[in-house]
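The values are calculated or read from the model by the stated rules, or taken from the named source; none is laboratory data. What you are looking at is a predicted structure, and each value in this text was computed from that prediction instead of being measured. Every residue, glycine among them, receives a Cβ derived from its backbone with ideal geometry; neighbour counts consider all protein chains shown. Accessible surface areas use protein heavy atoms only, side chains included; no ligands, DNA or RNA. Shrake-Rupley method; radii C 1.70, N 1.55, O 1.52, S 1.80 Å.
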Amino acid sequence: MDLSRFPRRRYTNFATPLEFLPNFTRALAASCPGGKGPNVWIKRDDMLGLFPGGNKTRKLEFLVADALAKGADTLVTCGAPQSNHCRITLAAAVKEGLKCRFVIEERVPGSYKVDASGNNFMFRLMGVEAITVVPGGSNMAAEMQKVAEDVARAGRKAYIIPGGGSNAIGGLGYVACAQELQQQMFDEGLSFDRLVVGSGSSGTHGGLVAGFLGNNIRIPIVGIGVSRDLPDQQPLVLKEAQAVLDLLGVDIKVKPADVHCVGGYWQPKYSMGNQRMVEAVQMLARTEGIPLDPVYTGKIMAGLIGLAREGELKAGENVLFLHTGGLPSLHAYEREVLGETELPA
Ligand SMILES: *Cc1c(COP(=O)(O)O)cnc(C)c1O
């Protein structure tokens, strides 16, 4: 698949590390039936560039390049109150000398606090130009359009990036990741039986599906939902993967069987904690010294742990976990993650 004809900015000048997790693998096995579990590896997309990086960094390499090519001077995007995507978009804007505005959707009423820690603190530190807060369920595309019109009235030019940076252009970032991974597996003589990844606005999961199909990488991808169960999530991912392949001009039709989604780990609600998330965050921190976040990667790792205990991820198979970042929001949920509050199972 040829990505070279798409403009791209580079925010990370290395391939993110691929590491075996020996202590975590041992701890997980001890909690699996018969004392045996999968070998767990991690790809450190939490070490991508920008402030601090995560999966949105890869999407923004293509989205910001497109914005610059179109002559924009302001990035407009949207997200939840502790949005990693908004924070990384702002970091990219600062680096490129662009202005940045957000529309924040309060999916949990009253949850946006200007002086909150984590990502909200970084919004202010990096100098976001304006934040519009709207109630949960608002039409985010329409709200961002209004912001873009305000920018235009000031004689400037906005570029709208959808939530999570998940459209065909953003998905190219995870085609690039698939190609990076393919090269690393070849160089390091590694092979994996399964890739476990988070599935939210779907650019990451969908981009990887597109990249794996297009490059004939036959490793099944397991997408753990962070806000939806399979019936709602699978069509979104399928649509994203198809849009990416179409943009690339690759003649492949994505089938439902290509998109494996697992639900049940994100409840009670997007961005609200549960005990399995706390167990997963503590387990990786205390066996490998690697932090996960409470909203995404903690729940995604809880999914990996759950699937291993159920025998769905088999003893002895090599499973690769994609760490998509999100670390600043850990600081907005410190007591939850330490197990000092009551949380649902
Ligand atoms: C946005 C995000 C995800 C989900 O990725 P999508 O491409 O939106 O599906 C996973 N992990 C972290 C840390 C994120 O910020």
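Below, the figures for the structure above:
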| read-out | value |
| --- | --- |
| With all protein chains modelled, accessible area of residue 188 [1.4 Å, Å²] | 100 Å² |
| Computed label-point distance, nm, for sites residue 309 and residue 125 using a 7 Å Cα→Cβ extension | 3.5 nm |
| Gyration tensor (alpha-carbon) shape descriptor, the stretch 149-238, a/c threshold 1.5 | oblate |
| Paramagnetic reach from residue 186 (point 7 Å along Cα→Cβ, amide N under 15 Å) across the stretch 1-45 | 1-3 |
| Residue 191 - accessible surface, heavy atoms, 1.4 Å probe, Å² rounded to 10 | 80 Å² |
| Solvent-accessible area per residue for the stretch 224-323 (1.4 angstrom probe, square angstrom) | 39 Å² |
| Residue-span extension gain [residue 335 to residue 69] - 0.36 nm each, minus C-alpha spacing | 91.3 nm |
| Distance violations [Cα-Cα > 18 Å] among 99/146; 56/253; 99/157 | 56/253 |
| Two-decimal ratio, the stretch 86-156, of alpha-carbon radius of gyration to 2.2 N^0.38 Å | 1.13 |
| Bins of 5 Å, starting at 0 and running to the largest distance - Cα pair percent for the stretch 70-126 | 4, 21, 30, 23, 13, 6, 3, 0 |
| Distance histogram in 20 Å bins (all Cα pairs of the chain, percent per bin) | 32, 60, 8, 0 |
| Probe 1.4 Å, protein heavy atoms only - accessible area per residue of the stretch 56-165 in square angstrom | 40 Å² |
| Surface share of carbon and sulfur [accessible, 1.4 angstrom probe, percent] for the chain | 53 percent |
| Fully extended contour minus Cα-Cα distance, from residue 30 to residue 152, at 0.36 nm per residue | 38.0 nm |
| Stretch gain in nm, segment residue 342-residue 253, where the contour uses 0.36 nm per residue and the Cα spacing is subtracted | 27.5 nm |
